[in-house]
Structures are given as structure tokens and as C-alpha cells.
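First up is the structure itself, then whatever we jot down about it.
The values are calculated or read from the model by the stated rules, or taken from the named source; none is laboratory data. The shown structure was predicted, so the numbers you read here are calculated from the model rather than taken from an experiment. Glycine also receives a Cβ, built like all others from the backbone with ideal geometry; neighbour counts cover every protein chain displayed.
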Amino acid sequence: MQNKLQINWDDFLTHYWQKKPVILRKAFPHFVDPITPDELAGLAMEEELDSRIVSNKNGVWDAQFGPFREYDHLGDTNWSLLVQAVDHWHAGAATLIEPFRCLPQWQFEDLMISYATKGAGVGPHIDNYDVFIIQGMGTRRWKVGDRNEHYKQFNAHKALLHVEEYDPIIDEELTAGDILYLPIGFPHNGVSLNESLSYSVGFRTQTSQDLLSHFADYVIDNLPRGIFYQDPDLHLPNDPYQLQNNELSKLQNQMIDLIKTPALFNDWFGQYITQPMHELNIVPVDPPYQQDEFNDKLQAGDLLHKVPSIRILKVGDKGYIHGEKIALPLPIIDLLCRHDTLSYQDLADNATLNVMRDLVNKGYWYFDEDESEEEE
Ligand code: SIN
Ligand code: CO
């Protein structure tokens, strides 16, 4: 059964989104945990998943990174297991991100799940992303402070950046179905009062530093010929050692012109933003499907499934998946974005079948049986 989110998005966006934290009580009115602590512990034994165990025993903070082989030595209190991108690997858990698909998907990062024992948490800290923390089983007490760029941060352990004490603007207990929404930059600390599960639906945006650096890489790769500063209207300056304001403007425009060229900016951003942020369950087909074999399977009624949480987006009238442009027209890209499952009827023209065979061979979509062969 899929959990139903009850939220007034207009009200939420107007008052809270990227502005201030809020607790949405019983936003999932009858919340059912889509994963058990045992299943989560099992996933954290796999190499493909990023996982951490954070403990705070007798005031000493520790963090270990997975994959993990056992948990028995950890005892009953003061440790938690955190697993990133569970939506890539667990279909039930992935249903929790469905209600958030109405938000801009280019900003969606992943579903992180944490299991915590009594007294556990990762300590007071500040995150670089916006997050909806859904409370599952158990109870957690959250203390959230106001935004303040002067907070001192320090390493409580080399892998744990904590923040100094702050006055809480929220100090509340969360139980199943409650959501704590936290915009970037608000210090917070969640301490588990018993065995609990928390589900963090994370949204991340890019820094100007990252954007500039990655765009520069794209421009260097795609415009091999230098574009030189030129000033054919030059008059001799009074002070040849002083950069003139109009020269500085021309230099700025030289850079801005590149950014404002849609053929460059859009194509770069489409490739950049669809690159994976966490490992995906992608298995290339080996040996690859020939076109006839591929068409026959679809015609026989086999369905294609999109790899869970693979990044697919539209920029302008182009579509991008997993860091590459899709050579198909926009109406089909629309379909590929919106549907997790495709049938022959969705794809029935030769050009589309051709491109799809290529994407299936790369492992971005798969037939049911490919998955079961994998599991054998
Ligand atoms: C947790 O789930 O244990 C920590 C989540 C957070 O504070 O970001
Ligand atoms: Co946090």
C-alpha cells in the first residue's frame, strides 16, 4: 500500500519552501513503514550503497562507513545506521518519493533512510540541502535552530561536522507520519527516543562555484577554438596601466555571452544535471540486443521498466538521461520522463525503437526477465 501525503502545496511553497522549517503533523495520516530495519541492514551490506553507522557512546562520537558485515556488537542504544539512495534499490521504499514528484525533479537527490536506537542521532549539524524528514516507526525529538551564518562548526569526529549550541526555534517530538521540513542552513539535531526509522527526501541545488567550474569544463571540451577578447574601437587610454570600466564590462560580457548561448548552456546543463548523484542499479545488456530481437520482444508484449531514480529531464526541447542527450522528439521524451513502464504501443516507430534499443542495451531501461536473470 502506498502512503498518501496530505499537504497543501500552495500554502507550503508560499510560507516554508526554502524559507523556514516546519513540522507537518500527520502529513501521512496512516503511515506504514515501507521497509523494515532488517531489510535496511541488509542493504547496508551491499557495496553499491553508501551507508554509515554513527554512534555516540559515553559522549564519544564515532562514524564507520559500509558495507557492513554485522551489527551485533553495536548493542541496544546510541547508534544509528544511515543508508543513502535507498530509492535506487528498494521498490517499496521508493514509493515514498512519489508524492514529491510534483516538485522540480532536477533538484531531487535521493531518499536516505536511517534506523536509530534509543539515544541515537548524528548530532547537531547543518545540511547543504533541503529535506523532508518523514518519521516512521518510533519517536524522535528534533531541536531546530534559526539560520545564522556565524554559527561555529567543528569536527566531533573526522567524519562528523557538528555545530555549536543554538537556541531551538522548534523543539518537538515526531511520531509516525509527521514530517519535519528543513531548508538548507538551519541547524538541527534529532535524537531517537526509542527504536525508530526516519526517511529523508532530499533536494539539492547547485552552488555558483560548481556551476561555473562544470560549465567551464564543457566549454573547453566543446569549443576547442579560443574566443579572443577584441577591441577594434580602442582609443589610447590616459593610464595604460589602469583597466578601463568599459574594458571590464567587455570582459564580463565575453564570459556572459557564452553562458547566455542556449545551444551551449542548455546542452551543458542537461548533461550535467542528469548525471547520477549516487550509484544506480544499471546493468548493461550483454550481449546487446539486435534490433529485430528487441522489436520482437516488445511486440510480444514484454514491458520496459526504467531504472529506479535514473535522472531524466527536459531542457528546452531536448531530453537528457544519465548525462547524455536523447535523440528523440519532445512528445516521446515526455513519455519517457513520466512513465516508469513502457510498452510497444508507446514506442512504435522505427526511429524510436532504434534509440530505445540503444538505451536498453546501456541498461537505462530493462525487460522484466533481465531483472530476474540478474537475481538468479
Ligand atoms: C538522521 O536521519 O538520523 C539524520 C537526518 C538529518 O539530520 O539530516
Ligand atoms: Co541533517
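Testing residue 209 on (1) touching a residue at least 40 places away in the same chain (Cβ under 8 Å); (2) assigned to a helix (DSSP H, G or I); (3) under 21 Å from residue 147 (Cβ atoms), one condition comes back false. Which one is that?
Result: residue 209 fails condition (1) only.
Got at least one residue in segment 58-72 being surrounded by fewer than 22 Cβ atoms within 10 Å (Cβ to Cβ), on the phi < 0 side of the Ramachandran plot, within 14 Å of ligand 1 (Cβ to nearest atom) and not β-branched (Val, Ile, Thr)?
Yes, segment 58-72 contains at least one residue that is surrounded by fewer than 22 Cβ atoms within 10 Å (Cβ to Cβ), on the phi < 0 side of the Ramachandran plot, within 14 Å of ligand 1 (Cβ to nearest atom) and not β-branched (Val, Ile, Thr).
Specify the residue that is farthest from ligand 2 (Cβ to nearest atom); the eligible residues are those in segment 171-201 that are of a type in the set (Phe, Trp, Tyr) and closer than 23 Å to residue 56 by Cβ. Let's see the steps before the verdict.
Filtering segment 171-201 for residues of a type in the set (Phe, Trp, Tyr) gives 181, 186, 199.
Now narrow it down to the ones that are closer than 23 Å to residue 56 by Cβ: 186, 199.
Working: 186: 9, 199: 13 Å.
Among them, the one singled out is 199.
Regarding residue 88, is this residue crowded, with 17+ Cβ neighbours inside 10 Å and either more than 13 Å from ligand 1 (Cβ to nearest atom) or in contact (Cβ under 8 Å) with a residue 60 or more places away in the chain (or both)? Full working, then the answer.
Numbers: crowded, with 17+ Cβ neighbours inside 10 Å: yes; either more than 13 Å from ligand 1 (Cβ to nearest atom) or in contact (Cβ under 8 Å) with a residue 60 or more places away in the chain (or both): yes.
Yes: the conditions hold for residue 88.
Could you check, for segment 45-59, whether at least one of its residues is more than 21 Å from the chain's Cα centre (by Cα) and among the basic types (Lys, Arg)?
Yes, segment 45-59 has at least one match.
Among (1) buried (at least 16 other Cβ atoms within 10 Å of the Cβ); (2) under 25 Å from the mean Cα position of the chain (by Cα), there is one condition residue 317 misses while meeting the rest; what is its number?
Residue 317 satisfies all of (1) buried (at least 16 other Cβ atoms within 10 Å of the Cβ); (2) under 25 Å from the mean Cα position of the chain (by Cα) except (1).
Which ones in segment 114-144 are away from ligand 2 (no atom under 13 Å from the Cβ), buried (at least 22 other Cβ atoms within 10 Å of the Cβ) and part of a strand (DSSP E or B)? Let's see the steps before the verdict.
Pass one, segment 114-144, residues away from ligand 2 (no atom under 13 Å from the Cβ): 115, 117-120, 134-139, 141.
After this cut, where a residue has to be buried (at least 22 other Cβ atoms within 10 Å of the Cβ) as well, the list is 115, 120, 134-136.
Within segment 114-144, 115, 134, 135 meet the criteria.
If you go through segment 117-147, how many residues are farther than 24 Å from residue 97 by Cβ, more than 10 Å from ligand 1 (Cβ to nearest atom) and in contact with a Ser or Thr (Cβ under 7 Å, 6 or more places away or on another chain)?
So in segment 117-147, the residues farther than 24 Å from residue 97 by Cβ come out as 117-120, 123-124, 141, 143, 145-147.
Adding the requirement that they be more than 10 Å from ligand 1 (Cβ to nearest atom) leaves 117-119, 141, 143, 145-147.
From the residues that got through so far, the ones that are in contact with a Ser or Thr (Cβ under 7 Å, 6 or more places away or on another chain) too are 117-119.
Within segment 117-147, residues that are farther than 24 Å from residue 97 by Cβ, more than 10 Å from ligand 1 (Cβ to nearest atom) and in contact with a Ser or Thr (Cβ under 7 Å, 6 or more places away or on another chain) number 3.
Please identify the pairs in which a residue from segment 98-127 that is farther than 30 Å from residue 167 by Cβ and in contact (Cβ under 8 Å) with a residue 12 or more places away in the chain has its Cβ atom under 9 Å from the Cβ atom of a residue that is within 16 Å of ligand 1 (Cβ to nearest atom) and hydroxyl-bearing (Ser, Thr, Tyr), counting only partners at least 6 apart or on another chain.
Going by the 9 Å Cβ cut-off, the qualifying pairs are 110/200; 111/199; 111/200.
For the condition charged (D, E, K, R), surrounded by fewer than 16 Cβ atoms within 10 Å (Cβ to Cβ), over 24 Å from residue 92 (Cα atoms) and modelled with pLDDT of 95 or more, what is the one hit in 302, 286? Reasoning before the result, please.
Values: 302 fails: over 24 Å from residue 92 (Cα atoms).
Sole residue among the options that is charged (D, E, K, R), surrounded by fewer than 16 Cβ atoms within 10 Å (Cβ to Cβ), over 24 Å from residue 92 (Cα atoms) and modelled with pLDDT of 95 or more: 286.
Give me the residue from segment 91-106 that is more than 16 Å from ligand 1 (Cβ to nearest atom) and under 18 Å from residue 36 (Cβ atoms) and, out of that set, surrounded by the fewest Cβ atoms within 10 Å (Cβ to Cβ).
Among them, the one singled out is 91.
Restricting to segment 212-240, name every residue that is in contact (Cβ under 8 Å) with a residue 24 or more places away in the chain and part of a helix (DSSP H, G or I).
Of the residues in segment 212-240, the ones in contact (Cβ under 8 Å) with a residue 24 or more places away in the chain are 214-215, 218-219, 222-223, 227, 229.
Within segment 212-240, 214, 215, 218, 219, 222 meet the criteria.
Please state which of the following conditions residue 75 fails to meet, knowing it meets all the rest: (1) within 16 Å of ligand 2 (Cβ to nearest atom); (2) over 22 Å from the mean Cα position of the chain (by Cα).
Of the numbered conditions (1) within 16 Å of ligand 2 (Cβ to nearest atom); (2) over 22 Å from the mean Cα position of the chain (by Cα), the odd one out for residue 75 is (1).
Test residue 44 against the stated conditions and say whether it is in contact (Cβ under 8 Å) with a residue 60 or more places away in the chain and crowded, with 16+ Cβ neighbours inside 10 Å. Outline the logic, then answer.
Values: in contact (Cβ under 8 Å) with a residue 60 or more places away in the chain: no; crowded, with 16+ Cβ neighbours inside 10 Å: yes.
No, not satisfied.
If you take just the strands (runs of 3 or more DSSP E) that sit entirely in segment 9-89, which of them hold at least 2 residues that are touching a Phe, Trp or Tyr at 6+ places or on another chain (Cβ under 8 Å) and of a type in the set (Lys, Arg)?
Details: elements: 22-24, 51-57, 60-65, 79-83.
In segment 9-89, 51-57 are the strands (runs of 3 or more DSSP E) which contain 2 or more residues that are touching a Phe, Trp or Tyr at 6+ places or on another chain (Cβ under 8 Å) and of a type in the set (Lys, Arg).
Please verify whether segment 186-204 includes one or more residues that are surrounded by 17 or more Cβ atoms within 10 Å (Cβ to Cβ), of a type in the set (Phe, Trp, Tyr), more than 24 Å from residue 269 (Cα to Cα) and touching a residue at least 60 places away in the same chain (Cβ under 8 Å).
Yes: segment 186-204 contains one or more residues that are surrounded by 17 or more Cβ atoms within 10 Å (Cβ to Cβ), of a type in the set (Phe, Trp, Tyr), more than 24 Å from residue 269 (Cα to Cα) and touching a residue at least 60 places away in the same chain (Cβ under 8 Å).
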